[in-house]
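Peer 1: Mind looking over this structure? Questions follow.
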Amino acid sequence: MARYTGPKTKRSRAIGEQIFAGTGTAASKAFEKKKYAPGQHGVTRKRKQRSDYAIQLNEKQKAKYTYGLLERQFRNLFDKASRAKGVTGEVLLQLLEARLDNVVFRLGIAPTRRAARQLVTHKHILVNGVLTNIPSVSLKVGDVVSVRNKSRALIAITDSIAGRRNEARKFSWLEWNSEKMEATFLDFPEKEAIPEKINEQLIVELYSK
């Protein structure tokens with residue numbers, strides 16, 4: 001599975017925001033200590049006034065790394081959003097949220113999106129009762145995501161759920177059943193309900209050039 005494996009803190013510092021989900025992780029703690037640009041003179045160097053293109057590119061990079069997509073994956077998802085009904089930028093965010101790995105993370109089954117992708121690829125997650133090992137699967141309204149019976153006692157999963165016990169309740173588009181360790185994807189979320197602060201219009205402007 002192709003994915004970004006480079007230094008997470010350095011990438012966050014270059015963009016100017018903590019973009020890798022997982023409060024309390026080593027990457028987030030390191031970012032809090034060094035909220036300046038990477039490089040030898042990063043702490044004293046002033047950020048130059050950026051061009052419109054640089055701002056748009058930075059926003060796209062932020063979205064791409066936040067959700068853990070590579071360039072081609074992100075572009076393909078944007079093309080899909082541009083062909084769909086509705087406002088392209090909002091549809092793009094909804095498609096990102098509907099990815100299986102993101103939903104597993106949102107539910108609290110995994111502490112980070114990277115960990116969620118591992119759970120999916122290692123065959124611990126079912127979609128509508130069918131074993132699914134493709135993190136990029138796009139969920140549809142009514143789909144049921146669940147933890148495989150044999151995997152419910154895994155320490156990685158039980159610890160994550162215990163630590164993020166109320167996580168799934170934050171998202172109105174997901175209905176979590178803790179006893180069954182399953183959730184229903186009720187609807188695509190409204191832009192205002194998505195916690196990530198991504199200016200999707202800048203991404204649309206970038207790809208429209």
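Peer 1: Out of curiosity, is R113 closer than 19 Å to F78 by Cβ and surrounded by 14 or more Cβ atoms within 10 Å (Cβ to Cβ)?
Peer 2: It is true that R113 is closer than 19 Å to F78 by Cβ and surrounded by 14 or more Cβ atoms within 10 Å (Cβ to Cβ).
Peer 1: Okay, moving on. Quick check on this structure: which one of G86, G142 is farther than 23 Å from R169 by Cβ and in a loop (DSSP other than H, G, I, E, B)?
Peer 2: The unique qualifying residue is G86.
Peer 1: Sort out which residues of the range 139-169 are buried (at least 18 other Cβ atoms within 10 Å of the Cβ), at pLDDT 95 or above and closer than 21 Å to F188 by Cα, and write them in order of number.
Peer 2: L139, V145, S146
Peer 1: Take the residues of the range 70-107 that are free of Cβ contacts under 8 Å to residues at least 40 places away in the same chain and of a type in the set (A, V, I, L, M, F, W, C): which is nearest to E182 (Cα to Cα)?
Peer 2: Selected residue: L96.
Peer 1: Another question, if that's okay. Mind listing whichever residues of the range 146-196 are part of a helix (DSSP H, G or I), within 21 Å of the chain's Cα centre (by Cα) and among the basic types (K, R)?
Peer 2: Within the range 146-196, R169, K170, K191 qualify.
The values are calculated or read from the model by the stated rules, or taken from the named source; none is laboratory data. In this text the structure is predicted, and so the values were computed from the model without any measurement. Glycine also receives a Cβ, built like all others from the backbone with ideal geometry; neighbour counts cover every protein chain displayed.
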